[in-house]
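Have a look at the structure below, then the notes.
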Amino acid sequence: MTNHDDSSSPPKPSGGAVRRRRLLAFAAGGVAVLFAAGATVMSASFATAEEPASGQTDLPAALDTSGQALETVLLPTGDRVRMQPDGTIGVLPAEGREDVGFLAVPAADGSGDTIIVPRDRADELRSGAEDSRRYNITGLIADGHADAADVETSRLEQYAGLPPTTDDAGVEGAQTFTVTITDRSGGVPGNNFVRWYDTADVDRNGTLEFDADGNATADLAPGTYLLTYSFGNDATDTEAAESIHGIGHVVIGDQDMGLLLDGGKAEPVTVEVERPDATQAGSVLALDAIAPDGSGVNSTSFDSDAIDHYLMPQADVPGYDLGFRYQQTLTGTEGGPYEYNLTFAQHGGIPDDTSFSVADDELAAVQTEYLGFGKDADGLTCKIGDHAVQSIGMRICFLTDRSFPSERLELFTADPAIEWSNLIEGGRYDADDDLVDGFQERANFVFEPGETERTFPHGPLTAGASAMPLYNDDGVTQSEGFADLGASVNGERVNLIGYTGDATLLLDGEQVDQVTGIDPSAGFGFDLTGAAAGRYTLAVDGTREETAETGPFATTSAVEWTFDLDPAAMNPEGYQVVALPAVGFNVDGVDGGWTEDRHQELTLELTNVEGEAVTAREMTFEVSYDDGRTWTEIDIDESTGTVELDHPANAEYVSTRMTATDEAGTEVTQTTTRAYGLR
């Protein structure tokens, strides 16, 4: 599995509500992979189980562990950039700016921060006329800034920007390095972004500034340098927009040298598909050069409108593995609305031929019905296809509008080397375009060719599994946690956003700390300083209005974990993680929160936060048809982990209460009012 969390050390906790993004180093641990056909779903949770759990096996979902709303920053240009907890960046161009295009480049200081460069502001950002730190979306989002233009200049000092146009002038032995660029027709390109990196220290780098004749110079000390470049022209009335990309290296010796980047030598990057009305709706082209120690450079270009991409001839770069990724999205309506999501990626070299062609029967064709939860809602999707083993470039997607309900055929590259990271969300957004009331799913897929169907969402709601990291920092012991109070794990991972609730930590029945008035899925923190070893309980509850954007489901939800813990027993890295499993249940026929089936067979399973089955020593299941006022216990078939329900003719909603104890002695009780509805 590929781990997209690049953090080198665990994040530090804070009391009160915390951002879930900080929990991923512990909760996710990696990126799950699944196959769309021929996959085995998790077995029932009892140790004696022999049959696989039931559910929607056409498209089983890999489980991402985080479900809070994306975090958003408004760029000075009016474009919105949103970051998911796994580091995926989604871009929503401002109205009228759909054809601008963007570059994603690392900040100058080696921090791993990402600078988003709108192509029409590249000159100003490169020259320093505009402060590139206002485009450091990693830093801005981490500090909770929703509007980059409103941040005081003094607050920007902590962020890195683009490397200034500096060189080694005055350094003994420095030589003048001249770069000349020409477009496909031999003229001076209207857009250019060229950076150099010292291979002895890639954090030492600079951005070249070109004159009207397409020339730029820098005085550089002798050594070996990497170059990344992207240049081209905007669309005209007669010509399509073009963008030329490349990555290479130069050796500076004891004399001046020059380099011509001749766009006329670049080869087109094209994709041919079967459907004649398919129109390009967006593209991503990423290149990187990675050294054996993992250091390197990358450049990612992404466009939400049609653009012609070209790749310069690529020679080997000594000491580095080159990576190439091209993703193209095409849409059309012939035979019904459809969407191609195609990715071509190679690690360890650049493809000799960048004219790609695919047939429909080579793809995964997923006929998807986006239902939501019974109420009309607006939302978005984000799809990223990347190399399954070695991520190439930056994880970028364009946020695509999606309506609930709606339906479309989605075709994906089906290749074991390609992993898809897909986001679906819908509901009500605030003024900063953050989802505050709705539903969300993030899941990763490795597809196989063939036709499948998916209904979203597909399953009842219950509380999801979690994990609680603990830290001991200079004698101060704290914890972080989260609880997905409304989650569907019926072959998918759908999480409700917008609960208002409390989280309480108790030791032997006595309160240690409490956080109130939060959405527990966004995260919370506790102060455990001085807390003794013993039997702890984490109790989380929340409520939603029946008029919520997710419909009248999971209106109240509660989960309680009881476990043994010694907060002082930290591992050598200074933290420990408490696993908090939960009971999920699979059942067919519950779509969009509703079912017409009055007789149902449910399969129960105890799982951890990564979606892996956990053996249960004990388990109970109760059902209520009066919103939890009265409960009826239902027998569980321990050989299969199933229960059978015969719903009363006048029942409108099914509420559930489940308990389980795992082999470590951790107990969980979870109660959901209106887990799903009956028609």
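Can you confirm whether region 563-575 contains a residue that is within 26 Å of the chain's Cα centre (by Cα), open to solvent by 20 Å² or more (accessible area, probe 1.4 Å) and under 22 Å from Ala664 (Cβ atoms)? Among the residues of region 563-575, at least one is within 26 Å of the chain's Cα centre (by Cα), open to solvent by 20 Å² or more (accessible area, probe 1.4 Å) and under 22 Å from Ala664 (Cβ atoms), which makes the answer yes.
On the basis of being at pLDDT below 95 and open to solvent by less than 60 Å² (accessible area, probe 1.4 Å), does Thr640 make the cut? Step through it out loud before you land on a result.
On the way: at pLDDT below 95: yes; open to solvent by less than 60 Å² (accessible area, probe 1.4 Å): yes.
Spelling it out, Thr640 is indeed at pLDDT below 95 and open to solvent by less than 60 Å² (accessible area, probe 1.4 Å).
The residue that is farthest from the chain's Cα centre (by Cα), among those in region 292-347 that are surrounded by 19 or more Cβ atoms within 10 Å (Cβ to Cβ) and small (Gly, Ala, Ser), is Gly296. Among the residues of region 67-102, those that are open to solvent by 10 Å² or more (accessible area, probe 1.4 Å) and over 24 Å from Trp420 (Cβ atoms) comprise Leu74, Pro76, Thr77, Gly78, Ala94, Glu95, Gly96, Arg97, Asp99, Val100. Would you call Asp316 in a loop (DSSP other than H, G, I, E, B), of a type outside the set (Val, Ile, Thr), free of Cβ contacts under 8 Å to residues at least 60 places away in the same chain and under 22 Å from Asp99 (Cα atoms)? So Asp316 fails the test. Within region 455-494, if we keep just the residues that are surrounded by fewer than 23 Cβ atoms within 10 Å (Cβ to Cβ) and among the charged types (D, E, K, R), the residue that is nearest to Pro85 (Cα to Cα) turns out to be Asp473.
Out of Ala364, Ala359, one residue alone is modelled with pLDDT of 95 or more, open to solvent by less than 20 Å² (accessible area, probe 1.4 Å) and more than 30 Å from Pro118 (Cβ to Cβ). It is Ala364. Within region 612-630, the set of residues being outside any strand (DSSP E or B), more than 17 Å from Ala582 (Cβ to Cβ), of a type outside the set (D, E, K, R) and open to solvent by less than 60 Å² (accessible area, probe 1.4 Å) comprises just one member, Gly628. Among the residues of region 525-545, none qualifies, meaning not one is open to solvent by 30 Å² or more (accessible area, probe 1.4 Å), in contact with a Phe, Trp or Tyr (Cβ under 6 Å, 6 or more places away or on another chain) and more than 22 Å from Asp627 (Cα to Cα).
Residue-by-condition table, conditions (1) modelled with pLDDT of 95 or more; (2) open to solvent by 40 Å² or more (accessible area, probe 1.4 Å):
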| position | (1), (2) |
| --- | --- |
| Glu596 | yes, yes |
| Leu606 | yes, no |
| Glu610 | no, yes |
| Leu645 | yes, no |
| Met658 | yes, no |
| Thr661 | yes, no |
| Thr666 | yes, no |
| Tyr676 | yes, no |
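Got a number for residues in region 546-562 being in a strand (DSSP E or B) and open to solvent by 20 Å² or more (accessible area, probe 1.4 Å)?
Going residue by residue through region 546-562, those that are in a strand (DSSP E or B) are 556-562.
Now narrow it down to the ones that are open to solvent by 20 Å² or more (accessible area, probe 1.4 Å): 556, 558, 560, 562.
Result for region 546-562: 4.
May I ask you to list the residues in region 581-596 that are part of a loop (DSSP other than H, G, I, E, B) and in contact (Cβ under 8 Å) with a residue 40 or more places away in the chain?
Here is the first cut: in region 581-596, the ones part of a loop (DSSP other than H, G, I, E, B) are 581, 587-590, 592-593, 596.
Answer for region 581-596, where residues must be part of a loop (DSSP other than H, G, I, E, B) and in contact (Cβ under 8 Å) with a residue 40 or more places away in the chain: Pro581, Val587, Asp588, Val590, Gly592, Gly593, Glu596.
Listed conditions (1) within 29 Å of Glu612 (Cβ to Cβ); (2) at pLDDT below 95; (3) out of contact with any helix residue (DSSP H, G or I) (no Cβ under 7 Å at 6 or more places or on another chain) are all met by Ala522, apart from (3). Looking across region 435-452, just one residue is modelled with pLDDT under 95 and open to solvent by 30 Å² or more (accessible area, probe 1.4 Å), and that is Val436. Restricting attention to region 611-635, the residues that are in contact (Cβ under 8 Å) with a residue 60 or more places away in the chain and not acidic (Asp, Glu) total 7. For region 631-664, a residue qualifies if it is farther than 27 Å from Phe373 by Cβ and either outside any loop (DSSP other than H, G, I, E, B) or within 33 Å of the chain's Cα centre (by Cα) (or both), and the qualifying residues are Glu633, Asp637, Thr661, Asp662, Glu663, Ala664. Scanning region 228-278 for residues that are under 23 Å from Asp211 (Cα atoms), open to solvent by less than 60 Å² (accessible area, probe 1.4 Å), free of Cβ contacts under 8 Å to residues at least 60 places away in the same chain and part of a loop (DSSP other than H, G, I, E, B) yields no hits at all.
Just checking, does region 461-482 include any residue being among the aliphatic types (A, V, I, L, M), under 23 Å from Phe398 (Cα atoms) and not in a loop (DSSP other than H, G, I, E, B)? Step through it out loud before you land on a result.
Here is the first cut: in region 461-482, the residues among the aliphatic types (A, V, I, L, M) are 461, 463, 465, 467-468, 470, 476.
After this cut, where a residue has to be under 23 Å from Phe398 (Cα atoms) as well, the list is none.
No, that holds for no residue.
Note on region 487-504: residues that are among the small types (Gly, Ala, Ser) and in a loop (DSSP other than H, G, I, E, B) amount to 2.
The values are calculated or read from the model by the stated rules, or taken from the named source; none is laboratory data. Computed from a prediction, not measured in an experiment: that's the story for all the values here. Glycine gets a Cβ as well: all are built from the backbone with ideal geometry, and neighbour counts include every protein chain shown. Accessible surface areas use protein heavy atoms only, side chains included; no ligands, DNA or RNA. Shrake-Rupley method; radii C 1.70, N 1.55, O 1.52, S 1.80 Å.
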